[in-house]
1. Got at least one residue in the range 132-149 being of a type in the set (Val, Ile, Thr) and under 27 Å from ARG230 (Cα atoms)?
2. In the range 264-281, which residues are aliphatic (A, V, I, L, M) and under 10 Å from LEU304 (Cβ atoms)?
3. Restricting to the range 249-260, name every residue that is closer than 15 Å to PRO215 by Cα and assigned to a helix (DSSP H, G or I).
4. Within the range 302-321, can one find any residue that is surrounded by fewer than 21 Cβ atoms within 10 Å (Cβ to Cβ), touching an Asp or Glu at 6+ places or on another chain (Cβ under 8 Å) and among the hydroxyl-bearing types (Ser, Thr, Tyr)?
5. Is it the case that some residue within the range 207-222 is exposed (fewer than 14 other Cβ atoms within 10 Å of the Cβ), in the same structural domain as VAL286 (by TED's automatic domain parsing) and free of Cβ contacts under 8 Å to residues at least 12 places away in the same chain?
6. I need the full set of residues from the range 320-341 which are among the charged types (D, E, K, R) and under 18 Å from the mean Cα position of the chain (by Cα), in order please.
7. Output yes when any residue across the range 55-69 is farther than 13 Å from VAL6 by Cβ, in a loop (DSSP other than H, G, I, E, B), over 21 Å from the mean Cα position of the chain (by Cα) and among the acidic types (Asp, Glu), and no when none is.
8. Restricting to the range 221-248, give me the number of residues that are over 13 Å from ALA202 (Cα atoms) and in a loop (DSSP other than H, G, I, E, B).
Amino acid sequence: MRIDRVELRLVRLPLVHFFETSFARIHDREFIVVMVDGEGHRGYGECVADRDPYYSAENSETAWHILTQYLVSRVLGIDFPHPRAIFPALSQVRGHNMAKAGLEMAAWDLFARSSGVPLSQILGGHRTTIASGVSVGIQDSLAELGDKIAIELDTGYQRIKVKIKPGWDVDAVQTIRQRFGDIPLMVDANAAYRLDDADHLAKLDTFDLMMIEQPLHYDDVHDHAQLQRRLRTPICLDESIHTVHMAAEAIAAGACRIINVKPGRLGGHGESIRLHDLCAAHNIPVWHGGMLESGIGRLHNIHLSTLPNFTLPGDIAASRRYFEPDLIDPPVELQMDGTIAVPSQPGLGVTVAEDRVEQATQRAFTASV
């Protein structure tokens, strides 16, 4: 596999509905679309770093700088035996996994398209559909939260995740249980609590949650291990797991019972597969998180979720829930049984609407051999 040309587009798309976490409310999404050309084919990736450095130290500006000044030149004109070789080729640059992932994942799509097979097959997956869950942000009132969840359940999503923060946690979960009973439910704190909050977080044990995601510091393992010993509810780590090595330490410490896989956080598909395999070897189930991706990133997530240890519904919802229109044709659709079909055409299996990418472009960069 040889990459002869790389094109980057910094794009901005309005969200269908605002999305609020413990650290911010956003009304649009800024990210980088990565296009790589070679062997008569084009592969697409998406750098999920957002405009603000709240989820991660990376943001769209740092990712743009690292891609244009350091990463693109390390893949142009080089013969790679397999996309797995891309991430090691970028290792001289420390960190910046989201920037690396956008480029690496585009290379996987290119390789799959040039091989004439779906991306899922190249990744080692076998499923033809994946179970779909949905993430519901913090709303303006508990009544609005309930109404929002009712819509998602009526649509057919198999699992509900709600964002929590201090002051919006126990009452929110109690409201959901009272209105909807024992639906599959999890909560995500996005690192909003401290270990001193353990007694308060233990109140969530009474609601039979699937998990509580990343309750403590975004870079912590030690305190999560202490907290897990005090909770019946499984802890799932997200932000803390930015390398496979860190995941191994977390598993050994007993800091979590579930791990959220996000290729952008880890540096792409190759590292995500390594994490998937590590967790499988230790009987730790994984599920696929979301970063409010466009259809490009969403399709990458769908294909990765076909691997066998993705046993819980991921945050991979239909396109129309976030962007209308999306950047792909056809858009990602939820089926009646709460699943999403995995495209069977080569690569991502969809057409990227480059005219829509162009319309949403804030900045462009091209490099070639």
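The values are calculated or read from the model by the stated rules, or taken from the named source; none is laboratory data. All values derive from a computational prediction rather than experimental measurement. Note that each Cβ is placed from the backbone with ideal geometry, even for glycine, and that neighbours are counted across all protein chains shown.
1. yes
2. Selection gives ILE273 alone.
3. Within the range 249-260, ALA250 is the sole residue that qualifies.
4. Among the residues of the range 302-321, not one is surrounded by fewer than 21 Cβ atoms within 10 Å (Cβ to Cβ), touching an Asp or Glu at 6+ places or on another chain (Cβ under 8 Å) and among the hydroxyl-bearing types (Ser, Thr, Tyr), which makes the answer no.
5. Scanning the range 207-222 turns up no residue that is exposed (fewer than 14 other Cβ atoms within 10 Å of the Cβ), in the same structural domain as VAL286 (by TED's automatic domain parsing) and free of Cβ contacts under 8 Å to residues at least 12 places away in the same chain.
6. ARG320, ARG321, ASP326, GLU333
7. No - not one qualifying residue is present in the range 55-69.
8. Matching residues across the range 221-248 total 7.
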